[in-house]
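What follows draws every value from the coordinates through simple rules; no lab data is involved. Keep in mind that what you see is a predicted model, and the values were worked out from it rather than measured. Counting neighbours? That spans all protein chains shown, and the Cβs are built from the backbone with ideal geometry, glycine included.
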Amino acid sequence: MPMLNKKTILAAALACTAMLGACSKGAEDTGAGAAGDGIKVGVLHSLSGTMAISEVTVKNATQLAIDEINAAGGVMGKKIVPIVEDGASDPAIFAQKASKLIEGDGVTTVFGGWTSASRKAMLPVFEKDQNLLWYPVQFEGNECSPNIMYSGAQPNQQALPAYDWAKQQGYKKIFLVGSDYVYPRTANLILKKHIAKDGLTLTGEEYQPLGGTEFSGVVGKIKAAKPDIIFNTLNGDSNVAFFKQMAAAGMGPEVVPVMSFSIGEQEAMAMGPALVKGGYAAWNYFQTLDNEQNKTFIAAYKAKFGKDAVITDPMVHGYLDVYVWKAAVEKAQSTDPAKVRAAAMTLDAVPTPLGPAKFMNNNSLIQTAYIGQSQPDGQFKILWTSPAAIDPDPYDPVSFPGKSCKIG
């Protein structure tokens with residue numbers, strides 16, 4: 001565990017108070033996952049491979065929350081003991097590491113995952129072992145499990161608000177480009193259903209393998225199709241190749257608008273802000289959000305990871321997941337996953353860097369949608385905010401009529 005300086009300890013105290021009230025202590029035995037005087041949790045992200053560009057910082061934000069909570073007294077008087085594993089951008093490795101963390105290390109819960117392929121690979125492990133995964137990234141919906149807490153956006157909280165906004169701006173001809181796995185294909189299936197319903201035009205749909213870097217054919221098809229806007233569900237460092245090759249063809253985002261669902265501040269800085277300048281992104285958080293909890297979180301993160309560090313939506317969700325887990329453990333007076341999940345459903349909304357956060361009984365988070373435009377410094381100017389926080393709906397009624405989420 002890294003040493004905490006005075007500034008970080010102060011931030012910890014402020015964050016603990018701001019987010020979840022006094023960090024109370026309890027005396028009840030935590031049961032499984034207890035490590036001496038500590039409670040073992042898993043942190044499972046891609047620290048290598050194509051997804052490391054996005055996931056390393058989510059791991060960092062999760063670690064920051066753990067350090068803050070430990071500095072302020074821990075959970076029920078016990079320190080959190082994180083066991084960090086690398087999913088290596090490979091769904092099979094994610095499943096193996098999840099099993100190792102639960103069955104080998106005896107963790108009480110796991111924080112992690114990014115791609116839907118990794119989440120779906122891990123799901124049978126969590127259901128078999130009756131453990132609980134806190135998943136911090138937007139996804140395609142069409143899934144509902146009592147063993148996953150989905151704090152990232154459902155389609156009706158990100159992709160569909162972005163589509164509605166684009167439609168309101170007069171964009172009528174849409175091209176879809178994505179990585180070739182479950183999230184982009186399902187998200188685009190949903191978008192296509194709405195495009196057809198609204199009488200708009202789908203000008204093309206192309207996929208590349210996750211981590212793929214050859215987009216010349218895709219760029220050529222986009223140039224021929226002349227879309228009003230591209231909806232981009234590429235993930236990881238494929239985005240670097242795509243935007244570079246689009247720019248080389250004279251079709252940067254200021255020429256052909258692009259709405260991205262996996263490019264945030266971290267990715268913009270890693271790619272070079274000039275490459276994505278003027279591009280749009282849809283998220284439930286941007287670093288430019290103006291609230292006290294966000295300012296406290298940003299200051300604490302920069303104090304720990306460097307003054308030039310930037311913050312993204314999945315990082316904040318990874319951070320708040322740890323605090324909600326802590327609050328649920330203390331309400332349940334137990335680390336038992338089923339009891340923690342039940343307690344999490346009944347917590348009051350808590351202030352977080354993205355605003356008040358509360359889970360519904362479908363294991364998903366109520367949240368506000370934002371559309372941002374990338375600026376020369378890599379930050380995003382917020383252009384649009386949803387009129388109110390949006391209740392999560394795992395099953396889009398246009399795409400999956402008659403389906404609903406029922407968790408006992």
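Whole-Hz Karplus values for the stretch 64-79 come out as 4, 4, 4, 4, 4, 5, 4, 5, 9, x, x, 10, 6, x, 10, 6 Hz, taken residue by residue from phi with 6.51 cos²θ - 1.76 cosθ + 1.60 and θ = phi - 60°; glycine and proline positions read x. Given that just one value was derived from the coordinates, which of (i) 22.6, 78; (ii) 22.4, 69; (iii) 20.5, 67 is Rg and Dmax of the Cα atoms in Å? Derived directly from the coordinates: (iii). Please identify, among 199, 278, 372, the residue showing maximal mean-square fluctuation in a Gaussian network model of the chain using a 10 angstrom Cα cutoff. The residue with the greatest mean-square fluctuation here is 199. Quickly estimate the mean residue ellipticity at 222 nm for the chain, helices only: each DSSP H run with n ≥ 4 gives -39500 (n - 2.57), and the total goes over all residues, rounded to 500. Counting only the DSSP helices, I get -12000 deg cm²/dmol. A simple rule links phi to the HN-Hα coupling: the Karplus curve 6.51 cos²θ - 1.76 cosθ + 1.60 with θ = phi - 60°, which for the stretch 242-248 gives 4, 5, 5, 6, 5, 5, 5 Hz, with x for Gly and Pro.
Taking 0.36 nm per residue of separation and subtracting the current Cα-Cα distance, fully stretching the chain between residue 385 and residue 164 would add 78.3 nm. For residue 41, nonlocal amide neighbours, meaning residues 5 or more places apart or on other chains whose placed amide H falls under 5 Å from its own, are 81, 83, 108. Backbone phi angles across the stretch 253-268, fed through the Karplus curve with coefficients 6.51, -1.76 and 1.60 (θ = phi - 60°), yield HN-Hα couplings of x, 7, 9, 10, x, 10, 9, 9, 10, 9, 10, x, 4, 4, 5, 4 Hz in residue order; Gly and Pro are listed as x. Residues 185, 119, 341, ranked from the fewest to the most other C-beta atoms within 10 Å, line up as 185, 341, 119. Over the chain, with a Gaussian network built from C-alpha contacts below 10 Å, which listed residue (218, 256, 398) shows the highest mean-square fluctuation? Comparing 218, 256, 398 in the GNM, the peak value goes to 398.
Residue 353: net charge of surrounding residues, Cβ under 14 Å, Lys/Arg +1, Asp/Glu -1, itself excluded? With Lys, Arg at +1 and Asp, Glu at -1, the neighbours total -4. Could you please state, rounded to a whole Å, how far the C-alpha centre of the stretch 149-180 is from the C-alpha centre of the stretch 254-323? Centre-to-centre (Cα) distance: 18 Å.
Could you pull out every one of the lysines with an alpha carbon less than 20 Å from that of residue 78, ignoring same-chain neighbours closer than 8 positions? Correct list for residue 78: 25, 40, 326, 331, 339. Within the shell of other residues whose beta carbon sits under 13 angstrom from the beta carbon of residue 381, the net charge comes to -2, with Lys and Arg scored +1 and Asp and Glu -1.
Take the Cα of residue 172, step 7 Å toward its Cβ, do the same at residue 406, and the gap between the two points is 4.3 nm. What separates the Cα centres of the stretch 354-408 and the stretch 73-117 is a distance of 25 Å.
In summary, the convex hull built on the alpha carbon positions of the stretch 71-206 has an orientation-averaged projected area of 10.6 nm². Potential lengthening of the chain between residue 345 and residue 56 amounts to 101.2 nm, from the contour at 0.36 nm per residue minus the alpha-carbon distance. Residues considered: 395, 150, 135. Largest GNM mean-square fluctuation over the chain, using C-alpha springs under 10 Å, is found at 395. Determine the sum of side-chain charges near residue 83: Lys and Arg each +1, Asp and Glu each -1, restricted to other residues whose C-beta is under 11 angstrom from that of residue 83. Neighbour charge sum, excluding residue 83 itself: +1. Partner lysines whose Cα lies under 29 Å from the Cα of residue 226, excluding those fewer than 8 positions away in the same chain, are identified as 167, 172, 173, 192, 193, 197, 244, 277, 381. About the centre of its Cα atoms, the chain shows a dipole size close to 380 debye [charges on the beta carbon of Lys, Arg (+1) and Asp, Glu (-1) only; nearest 20 debye].
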